[in-house]
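A.B. asks: This is the structure I have questions about; it appears just below.
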Amino acid sequence: MDISSNTVVVTGFGPFRQHLVNSSWEAAKELLKLGLGNDVDLHIIELPVVYQKAKEMVCKAWATLNPQLMIHLGLASASKRTLILEQCGKNKGYKDKDVCGFCPEDNCCLLEGPEKIESIINTKQVWKNLRVEGVDITFSRDAGRYLCDYVYYTSLYYGNRRAVFIHVPPLTKLVTAELLGNVLQAIILEMLRQCKSENIKGEKKNKL
């Protein structure tokens, strides 16, 4: 993995359906306050729940910011106190309409793209390495075939797999934006450690 960039981009989604306050964007804003250390240039972007516009914004972020890693946050409305680390994005099956009433052409993210793309980050390993208070963390291989999965696949494709999607629960009195921000900080720092470790292993292997 190329770790020459010190930029990390985190996206969250705006309002949709009954969720006038989207916990993913609130968590992203809280994470920006906390930062990821002095050596990481953190950017956050709010994505609309609109297929084409969200894709355009993700592609632009990869082209202009060239981040080491892009983390996408989305709301898992059925989750109570669990953050879900998604391992892969899927290309087909997008039949649910966005907030503008549209679906992607042929219900597909990229017409000639592979069926699925795996993140370069091993989310299961991140899950195993982390212990946090206040919420649970798990991992998944199905991000749901809506804007979350659509954005994730797009980012994996255009970012050469240097992306991860994290589903966060809705905000409650116990699950606050501040709590989510702190947990996300720990998760992303662990991912960056994995990036560095894998890059070092690759360098050693190349020298043998």
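The values are calculated or read from the model by the stated rules, or taken from the named source; none is laboratory data. Please read these numbers as outputs of a predicted model, since none were measured by experiment. Cβ atoms come from the backbone with ideal geometry, glycine included; neighbour counts cover every protein chain shown. The area values use the complete protein model at the heavy-atom level, side chains included, leaving out ligands, DNA and RNA. Shrake-Rupley method; radii C 1.70, N 1.55, O 1.52, S 1.80 Å.
A.B. asks: Quick one: length gained pulling Thr176 to His19 fully straight, 0.36 nm per residue minus the C-alpha distance?
C.D. replies: Length gained, Thr176 through His19: 55.0 nm.
A.B. asks: Another question, then. Any idea what % of Cα-Cα pairs in the range 1-133 are farther than 17 Å?
C.D. replies: 68 percent
A.B. asks: Using a 1.4 angstrom probe on heavy atoms only, work out the carbon and sulfur share of the accessible area of the chain in %.
C.D. replies: In the chain, the share of accessible area belonging to carbon and sulfur is 50 percent.
A.B. asks: Let me know the whole percent of all Cα-Cα pairs from the range 58-208 that are separated by more than 26 Å.
C.D. replies: Roughly 29 percent, rounded to a whole number.
A.B. asks: Counting Lys and Arg as +1 and Asp and Glu as -1, each charge on the Cβ, what is the dipole of the range 36-153 about the Cα centre in debye, to the nearest 20?
C.D. replies: The dipole magnitude comes to about 340 debye.
A.B. asks: Would you please give the residues with an amide H less than 5 Å from that of Thr82, counting only those at least 5 places away or on a separate chain, with H modeled from the backbone geometry?
C.D. replies: Asp136
A.B. asks: Charges on Cβ only, +1 for Lys and Arg, -1 for Asp and Glu, centred on the Cα centroid of the chain; of Leu65, Ala143, Cys108, which one is farthest towards the dipole's positive end?
C.D. replies: With unit charges placed on the Cβ atoms, the residue in question is Ala143.
A.B. asks: Nearest 500 deg cm²/dmol is fine: what mean residue ellipticity at 222 nm does the chain get from its DSSP H runs of n ≥ 4 alone, each adding -39,500 (n - 2.57), divided by its residue count?
C.D. replies: Taking each H run of at least 4 residues, the total per residue is -12000 deg cm²/dmol.
A.B. asks: Which order, highest average first, do 179-190, 54-65, 37-48 follow once you tally other Cβ atoms within 10 Å for each residue and take the mean per peptide?
C.D. replies: 179-190, 54-65, 37-48
A.B. asks: Once both labels are modelled 7 Å past Cα along the beta-carbon direction, what's the Ala186-Glu115 spacing in nm?
C.D. replies: Label-label distance for Ala186 and Glu115, simple model: 3.7 nm.
A.B. asks: Still on this model: For the range 98-189, which chymotrypsin sites (Phe, Trp or Tyr not before Pro) are both in a DSSP coil and crowded by at most 16 other Cβ atoms within 10 Å?
C.D. replies: Counting only loop positions with at most 16 other Cβ atoms within 10 Å, the chymotrypsin sites (Phe, Trp or Tyr not before Pro) in the range 98-189 are Phe102.
A.B. asks: Tell me the net charge near His19. Cut-off is 14 Å between Cβ atoms, His19 excluded, with +1 for each Lys or Arg and -1 for each Asp or Glu.
C.D. replies: So the environment of His19 carries a net charge of -2.
A.B. asks: Can you give the accessible area per residue of the range 67-158, in Å², using a 1.4 Å probe?
C.D. replies: Heavy-atom SASA per residue in the range 67-158 reads 48 Å².
A.B. asks: Also, I was wondering about something else. If I model a spin label at Asn6 and Lys33 as a point 7 Å from the Cα along the Cα→Cβ vector, what separation in nanometres do I get?
C.D. replies: 2.5 nm
A.B. asks: Something else about it: Within 10 Å, count the other beta carbons around each residue, average over each peptide in 95-101, 20-26, and list them highest first.
C.D. replies: 20-26, 95-101
A.B. asks: Something else about it: Put a dot 7 Å past each Cα toward the Cβ at Lys196 and Cys103; how far apart are the dots in nm?
C.D. replies: Here the modelled spin labels are 4.6 nm apart.
A.B. asks: Turning to a different aspect of this structure: For the range 87-147, which GluC sites (Glu not before Pro) are in a loop by DSSP, counting at most 13 other Cβ atoms within 10 Å?
C.D. replies: Those that pass, being in a loop and sparsely packed, are Glu112, Glu115, Glu133.
A.B. asks: Another question, then. If the chain between Lys80 and Asn129 were fully stretched, how many nm would it gain, using 0.36 nm times the residue separation less the Cα-Cα distance?
C.D. replies: Result for the pair: 15.4 nm of gain on full extension.
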